[in-house]
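The values are calculated or read from the model by the stated rules, or taken from the named source; none is laboratory data. Since the model is a prediction, treat every value here as computed from it, not as a measurement. Cβ placement follows ideal geometry from the backbone for every residue including glycine, while neighbour counts extend to all protein chains displayed. Surface accessibility is based on the protein's heavy atoms, side chains included, excluding ligands, DNA and RNA. Shrake-Rupley method; radii C 1.70, N 1.55, O 1.52, S 1.80 Å.
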Amino acid sequence: MKQLLTPIRILFSVALTIGASAALAQIPVTEDTREVLHDAYSGKSYSPYAQRGFPSNVYWGDTHLHTSLSMDAGAFGNRLGLESAYQFARGDEVVSSSGVPAKLSRPLDFLVIADHSDNMGLFPDLFAGKPNILADPTGREWYDRIQAGDGVGVALELIGRFSQGTFPEGLIYAPDGDAYKSVWQGTIAAAEKYNDPGKFTAFIGFEWTSLIKGSNMHRVVMYRDDADKASQIVAYTTTPPLGSPNPRDLWKWMANFEDKTGGDVLAIAHNGNLSNGIMFPLEVQYDGRKLDEEYVTERAKWEPAYEVTQIKGDGETHPFLSPDDEFSDYENWDFGNLDLSQLKTNEMLAGEYAREALKRGLQLEKKLGTNPYKFGQLGSTDSHTSLATAQEDNFFGKHTGYEPSPSRMEHPMMVSPDKSVRIDGWRLVASGLTAVWATENTRAALFDAIERKEIYATTGSRMAVRFFGGWDFTDQDMNSRSPAFNGYRKGVPMGGDLPPRPQKARAPTFMVYALRDPIGANLDRIQIIKGWMDRKGKTHEQVYDVVWAGEREINSKGKLPPVGNTVDVKNANWTNTIGSSELTTVWTDPDFDPRQSAFYYARVIEIPTPRWSTYDAFRFGIDVPEGADTSTQERAYSSPIWYSPES
């Protein structure tokens, strides 16, 4: 029987092979699938999700979070360490330092824990009463006060003395000390433990905490690398002789790190509204040194992103700088420097805000050959609670003393030495988040996207925003559920430079698209903000409403009427009965002059929703403090697209 079946099987197999070959011969094979696809279709394959050579995913994260390892956070009462911060960010429920259960509405995709590099590890030893701390008279005093419940007072004194350069020498934890090195290695180890490529990215990082007599020039330093490179050199500080408060020295340290380890790092400048005008100098640095070619080239190289919004105020622009922009008065902090030892004057504001910095960058490029303020825009919390909360209905404050409680809104955040200025807790801002367009959720992919500026900031909402610039976008390019195909094919994404102007092109065209947060509010409008420099070297700006919800029309003053407001203050609620779930358009600059350098960025604004202070009033059964807004309009800021005239 076996001998009979074998040839039958062979014949059957041959017949199948011949039949299959004949069938395949009847199916045409096209080597280039584009040959059979219509020109109106922008995909590279019949499957629109195949062969994408561009970032298709937006990832959400916080690039600036502090844990109990930061000396001020610990003194303020934070008892949550590195692991709790990562667990919370990836979506786990934790209990805050004040005993409140906390959980995000949705996990974050990535996190940069950026504890202060200066005195890293000091507070855990201070809290534990280590012998070296208690041997110092000031250390003993601080320890006793913390044990007696005056941690907030100690924290304010820590900040004040560090800001003014009077920190006790015997309590300085320097990078060459064993305690410091141990904490840094622990920071790296925690990031390695929680980094889960494809699911959750934990970046290694720190905050370089430069304070010039209280004026803030902080930078978050972020690593692309893993432990093998990051552990070779300890974090850089601002305390001489091993550190420096000068950003030029930070950039030298970054260059040395890369040269020695083969690694890759970048710096994110801290929101500038506590810098009292020294974050974005136009002529001289804080120390009187003139800006030169070295300064502009090094800053452009090492600082590709700027923290435009965070818990201590929004930093896009200010009414004094942008008087014609009706949305410029948004959560501004214009009181003074970090410890209010020097109060704010209007003359300082131009050196603090993103839009003005972008304009100054055009001037410096003309003068010195490089634009040092050619940055992408991102948002972060700068929370000192270990909890990355930027959502209005889930806000856990700046530090442990401002975690949810009936009294936190009226509690003073800062008071000037002469008592003339007081910043109450309700002025804290539930902001912000960074959105990154990347190919995958890994350290390398996210870091590279931040470096090329394909990022945008939001004040806490998770709206999806695309922004492309080119010379020949048309309305037809938006007639697709996948407009990014045409965006990348015909132009450049946010963070890019417009290509040279074609001979027949009259003006640049921009394609912008926004989709509301799936659990958030509808959209009010999309605006494009343009800044440019005229032939005399003077800068200008203009806000254009390019697409909006409803049947509103631009009025005789060139303004679009408000969208309305559905906020129910009493019940801390709103409805999506106004606004649009998505907005999109192609816009051509009507005032383009090819001789003038310029930048453009998109600002997407939601309909009004309850501010966090309104949620507090409802949940605790208290009144909204006098002066506090009851509603807010969350927003997104894209990274700019730049235009440079041909030489």
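Applying the Karplus relation 6.51 cos²θ - 1.76 cosθ + 1.60 with θ = phi - 60° to region 164-181 yields 3J(HN,Hα) values of 9, x, 10, 5, x, 4, x, 10, 6, 9, 8, x, 8, x, 5, 4, 5, 4 Hz, where x marks Gly and Pro. Of the peptides 496-502, 392-398, 74-80, the ranking by mean beta-carbon count within 10 Å, highest at the top, reads 74-80, 392-398, 496-502. Beta bridges assigned by DSSP with both partners in the chain are antiparallel in approximately 85 percent of cases. For region 192-314, the number of Lys pairs separated by eight or more positions or lying on different chains, with C-alpha atoms closer than 24 Å, is 13.
Residues whose amide H comes within less than 5 Å of that of Glu634, counting only those at least five positions distant or on another chain, are Glu606, Thr609 (H built at 1.01 Å from N in the peptide plane).
When the Cα positions of Gln342, Val563, Thr166 are compared along the charge dipole of the chain, Val563 comes out farthest toward the positive end, with charges on each C-beta of Lys, Arg, Asp and Glu.
Charged side chains reduced to their Cβ positions (Lys and Arg at +1, Asp and Glu at -1) give region 302-397 a dipole of some 600 debye around its Cα centre. Phi angles of region 556-570 translate, via the Karplus equation with coefficients 6.51, -1.76, 1.60 and θ = phi - 60°, into HN-Hα couplings of 5, 8, x, 10, 8, x, x, 6, x, 8, 9, 5, 9, 5, 4 Hz per residue; Gly and Pro are given as x.
Bridging of Lys359 to lysines at a Cα separation below 17 Å is possible for Lys367, Lys374, Lys530, Lys536, Lys538, once same-chain residues fewer than 8 apart are set aside.
Each listed q (0.08, 0.09, 0.10 Å⁻¹) maps to a log10 I(q)/I(0) for the chain from the Debye sum over equal C-alpha point scatterers, namely -0.59, -0.74, -0.90. Between the residues Pro372, Gly397, His384, the greatest Cα displacement towards the positive end of the dipole of region 363-424, with unit charges on the Cβ of Lys, Arg, Asp and Glu, is found for Pro372. Helix 137-147 and the long axis of the chain differ in direction by around 70°, with both axes built from C-alpha atoms.
Each stretch of four or more DSSP H residues adds -39500 (n - 2.57); spread over every residue of the chain, this sum gives -7500 deg cm²/dmol at 222 nm. Taking label positions 7 Å along the Cα-Cβ direction at both Lys301 and Asn132, the computed distance is 3.5 nm, reported to one decimal.
Simple spin-label estimate for Gln342 and Gln503 gives 5.5 nm between the two label positions (7 Å along the Cα-to-Cβ direction from each Cα).
Scanning residues 5 or more positions from Val547 or on other chains, those with amide H under 5 Å from its amide H are Ile526, with H placed 1.01 Å from N in the peptide plane. Computed from the Cβ-Cβ distance with R0 of 22 Å, the FRET efficiency linking Glu157 to Arg289 stands at 0.10.
For the chain, the solvent-accessible area with a 1.4 angstrom probe is 41 square angstrom per residue.
Below 8 Å, C-alpha to C-alpha, sequence gap of six or more: please give me the relative contact order for region 291-426 in percent.
Values: 194 pairs, mean separation 34.5, N = 136.
RCO, region 291-426: 25 percent.
Ranked by the mean number of other Cβ atoms within 10 Å of their residues, highest first, the peptides 301-307, 565-571, 356-362 fall in the order 356-362, 301-307, 565-571. With K and R counted +1 and D and E -1, the other residues having a Cβ less than 15 Å from that of Pro372 yield a net charge of +4. Taking the Cα centre of the chain as origin and assigning +1 to Lys and Arg Cβ atoms and -1 to Asp and Glu Cβ atoms, the resulting dipole is close to 1380 debye.
Run the simple label-point estimate for Asp472 and Arg248 please: 7 Å along Cα→C-beta, distance reported in nm. For the pair Asp472/Arg248, the computed spacing is 4.7 nm. So, how do all the Cα-to-Cα distances of region 410-553 break down into 10 Å bins, in percent, from 0 on up? Final binned percentages: 9, 27, 32, 20, 9, 3, 0. Scalar couplings 3J(HN,Hα) for region 149-159, obtained by applying the Karplus form with A = 6.51, B = -1.76, C = 1.60 to θ = phi - 60°, are x, 9, x, 4, x, 5, 4, 5, 5, 4, 4 Hz; x denotes Gly and Pro. Sorted largest first, the spans of the alpha carbon positions of region 248-399 along the three principal axes are 45, 37, 29 Å. For the chain, the longest principal axis of the C-alpha atoms and the axis of helix 2-25 are separated by about 80°.
Run the dipole for region 81-171 about the Cα centre, Lys and Arg Cβ at +1, Asp and Glu Cβ at -1, nothing else charged, and hand back the magnitude in debye, nearest 20.
Values: 7 positive and 13 negative charges, 41 e Å.
The dipole of region 81-171 has a size of about 200 debye.
Entry note, region 88-137: relative contact order of 27 percent, from Cα contacts under 8 Å with a spacing of 6+ residues. For the chain, the residue among Thr209, Asn119, Ala521 whose Cα projects farthest onto the positive side of the dipole built from Cβ charges is Ala521.
Once you keep just the Cα pairs under 8 angstrom separated by 6 or more residues, what percentage relative contact order results for the chain?
Values: 1449 pairs, mean separation 80.2, N = 647.
Value for the chain: 12 percent.
The overall shape of region 371-432 is oblate: from the C-alpha gyration tensor, with semi-axes ordered a ≥ b ≥ c, the ratio a/c is 1.5 or greater and a/b is no larger than b/c.
Counting only protein heavy atoms and a probe of 1.4 Å, the accessible surface of region 21-161 is 54% carbon and sulfur.
In a DSSP loop and with at most 12 other Cβ atoms within 10 Å, the trypsin sites (Lys or Arg not before Pro) in region 169-258 are Lys199.
Extension gain for Asp150 to Asp623 (0.36 nm times residue separation, less C-alpha to C-alpha distance): 167.5 nm. The order of the peptides 422-434, 593-605, 86-98 by mean Cβ neighbours within 10 Å, most packed first, is 422-434, 593-605, 86-98.
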